[in-house]
Structures are given as C-alpha cells and as structure tokens.
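Here is the structure we will look at.
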Amino acid sequence: MSLVTTKEMFKKSIEEKFAVGAFNINNMEFVQAIMDAAYKENSPVILQTSSSAIKYARIPYLRKMIEAGLQEHDIPVALHLDHGPDFETCKMCVDNGYTSVMFDGSKYDFEKNIELTKRVVEYAHERGVVVEAELGKLAGVEDDVNVDANDAIYTNPEEALEFVQRTGCDSLAIAIGTSHGAYKFKGEAKLRFDILEKVKELMPNVPIVLHGASTVIPEYVEMCNKYGGNMPGAKGVPDEMLHEASMRGVSKINVDTDLRLAMTAAIRKVFTETPEQFDPRKYLGPGRDLIEETVRHKIKDVFGSNNKA
Ligand code: G3H
Ligand code: 13P
Ligand code: ZN
C-alpha cells in the first residue's frame, strides 16, 4: 500500500467514534516500532515529523524508511508535517511526498493566521495534500515549539468555525488544556471538554486534533528516575481523559513525549544494569520494544483505532 491522506481515516473516526494516533518519528527504531504496532493492531496510523526531526533525519531517509515499512505491512499510513512554521516548510513537504501538512499559525493573530493558513491550503489542495491548522495556543516547551503557560489561550468555538470556513483547512487543532512536553499539569489534570463539545456542536464533521496529548506514563518516568534520570513532577494527560476525547469527537491524538520516555527509560535501564555493554543494538532494541508496546496500548486501550485499518 502507498501512503494515504488522513481523509478516509478521519471520516471513519467521526462515524465510528475513535481517534487515530499521530506519533512523532526521528529515526528507524521509532518508524519500525510504530508501524509494527499499528500492523499488529490492524490500525490506521499517522507518522509525523516536526521540522527539527526533518533537520535531524532528513526527508529522503524518513520517506524511504516508511516506504520499507509499507512493503512489510498493508495498513493505512499518512505522513504528516507536525507544526509547520511557515509556507516554505509546508511546500517542501508537499513537494516531497507528504500526504498531510500542519501549518501552525497559532502564534499569529486571528486574521494573520487565516491569511497564512489559506496560502498553505491552496498550495496543498492543488496537489492532493490535506492541511491541519491550529487555533488557540498550547503552553509548553519543545525544540521548536515554546509557549509560556501565561500565554496559553483556549480555543474559542465560534472563532474556530469561522476559521475553518474561511481557510478551508481539513482538520483543526484546538487548545483545551493540553500542553507539549513532560510537565503538563502542576496539580490535577484538567481538560475543557465543554469547549470540545461546543466545537463539535458547531462543526460535527470537521476532524479535531489534540496536541500535547502524551500521558507522561508514570512507570516510564519512575524508570527514568530509578536509572539515573531526573524528571521530578513530570505529569501528563491520563488515559481515561484521552479515551473520553476519542469518544467525543477528537480524530487525531498527537504523541511524542511518551515515546521519547519509553526509549530513554529502556536505554537507561540497560546502561545502569550492564555498564559493560556497548553494542547499540542491545539498548536501542529494548527501546524499540518498549515503544511498540506503548503504541499498541494506546491504539487498543485508549484511542480505540484497533481493527479500523
Ligand atoms: O510538538 C512538538 C513535537 O513534540 C516535536 O518536537 O520539535 O522537539 O521535534 P521537536
Ligand atoms: P506531547 O509532547 O504531549 O507528546 O505532544 C506531542 C505533540 O503535540 C506533537 O505535535
Ligand atoms: Zn504539537
């Protein structure tokens, strides 16, 4: 099977009330683990690369690794640009075989975000590529995504409707309390499901995207800390909330941090328990295995996309 866009998988997700996992990739172990997991669970899947992942791994390598995965596994896979910062980066991905791009104009004001998103939509649609846009601001820190908690702004549902109508974007990322990275909540985890509900009332057929949606799996944080890491107070979105989101109209759930934690926890364990080990396969292998286990859990127990391929 060749790469597909997210159109069909999102249509099905809305009709059948499940979410498709969008997992960030940076190297071969991540690609293999995610594609093997999706295949074993018979699930559609989105592989996404940020612009810093592209700088790190380079597009031809990313493309070819996924093509290799598609030779092994006949499942629907979309290749998506995560947080495209500008038209040029989106264009580069459209021109290089991505089937979906995100233009992240959330740092601009409403009118500027519309103007810039529209330009990407026009270019992408002419070439059969779908576009995710973002309205509202998530707090959090990643390499290329850095918003202070005080600047985070929940999405306004009425504005969201106007935004989608005026830009023609295919899916919309909204801010309802999630944030990027490993430190999402100081106290209890809380998501604004009332905002999601209003958005879905106004536009039931528009696929909604949740960024910053890692669980920050407590076992992996403990494992990192036990084997020499230092991540006090790391906290994410509980599985039950993500499951609820998937049932209430979120079509795409983004996960990066949990896979980074899985890889890091597994590597730290090998390094600590067998300090004499220096064969990379002996620590990258367990990292890959734990990512696969994590993705299977999310697909089957949280997002409900198993057997939806
Ligand atoms: O939301 C951002 C993703 O987690 C990608 O992060 O820019 O460090 O690759 P990155
Ligand atoms: P996490 O940091 O919660 O994994 O979010 C990833 C994400 O939103 C990628 O766009
Ligand atoms: Zn994101």
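Taking the criterion of being touching an Asp or Glu at 6+ places or on another chain (Cβ under 9 Å), more than 16 Å from ligand 1 (Cβ to nearest atom) and open to solvent by 20 Å² or more (accessible area, probe 1.4 Å), the residues of segment 179-206 that qualify are Phe193, Lys198, Leu202, Val206. All told, Pro232 falls short of being within 20 Å of the chain's Cα centre (by Cα) and more than 15 Å from ligand 3 (Cβ to nearest atom).
Out of Ile176, Ile217, one residue alone is open to solvent by less than 10 Å² (accessible area, probe 1.4 Å), modelled with pLDDT of 95 or more and of a type in the set (A, V, I, L, M). It is Ile176. On the stretch given as segment 19-42, residues that are away from ligand 1 (no atom under 16 Å from the Cβ) and in a strand (DSSP E or B) total 1.
With respect to the conditions (1) at pLDDT below 95; (2) farther than 21 Å from Gly177 by Cα; (3) of a type outside the set (A, V, I, L, M, F, W, C), Thr264 lacks only one, and its number is (1).
Among residues of segment 102-122 that are within 15 Å of Asp82 (Cβ to Cβ), those with a beta-carbon under 6 Å from a residue that is at pLDDT below 95 at least six positions away or on a different chain give the pairs Ser106/Lys137. Here Val31 fulfils each of the conditions (1) at pLDDT below 95; (2) closer than 27 Å to Ala266 by Cα apart from (1). Within segment 195-208, does at least one residue satisfy the condition of being within 16 Å of ligand 2 (Cβ to nearest atom) and closer than 30 Å to Glu126 by Cα? Checked against the condition, which is being within 16 Å of ligand 2 (Cβ to nearest atom) and closer than 30 Å to Glu126 by Cα, segment 195-208 yields at least one hit. Are any residues in segment 5-37 open to solvent by 50 Å² or more (accessible area, probe 1.4 Å) and touching a Gly at 6+ places or on another chain (Cβ under 8 Å), and if so, which ones? Those that are open to solvent by 50 Å² or more (accessible area, probe 1.4 Å) and touching a Gly at 6+ places or on another chain (Cβ under 8 Å): Lys17, Gln32. Residues that are within 16 Å of ligand 1 (Cβ to nearest atom) and open to solvent by less than 20 Å² (accessible area, probe 1.4 Å) are absent from segment 109-127 altogether. Checking each residue in segment 153-181 for being outside any loop (DSSP other than H, G, I, E, B), within 16 Å of ligand 2 (Cβ to nearest atom) and in contact with a Leu (Cβ under 8 Å, 6 or more places away or on another chain) picks out Leu172, Ala173, Ile174, Ser179, His180.
Residue-by-condition table, conditions (1) of a type in the set (Asp, Glu); (2) in a helix (DSSP H, G or I):
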{"position": "Phe185", "(1), (2)": "no, no"}
{"position": "Leu191", "(1), (2)": "no, no"}
{"position": "Asp194", "(1), (2)": "yes, yes"}
{"position": "Val199", "(1), (2)": "no, yes"}
{"position": "Val206", "(1), (2)": "no, no"}
{"position": "Ala213", "(1), (2)": "no, no"}
{"position": "Val216", "(1), (2)": "no, no"}
{"position": "Val221", "(1), (2)": "no, yes"}
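Ser100 meets each of the listed conditions (1) over 19 Å from the mean Cα position of the chain (by Cα); (2) of a type in the set (Ser, Thr, Tyr); (3) within 22 Å of Glu8 (Cβ to Cβ) apart from (1). Per this entry, Tyr39 is counted among residues that are closer than 28 Å to Arg281 by Cα, at pLDDT 95 or above and more than 16 Å from ligand 2 (Cβ to nearest atom).
The values are calculated or read from the model by the stated rules, or taken from the named source; none is laboratory data. Please read all numbers here as calculations on a predicted model, not as lab measurements. Note that we place each Cβ from the backbone using ideal geometry, even for glycine, and neighbour counts take in every protein chain shown. Just the protein is used for accessible areas: all its heavy atoms, side chains included, with ligands, DNA and RNA removed. Shrake-Rupley method; radii C 1.70, N 1.55, O 1.52, S 1.80 Å.
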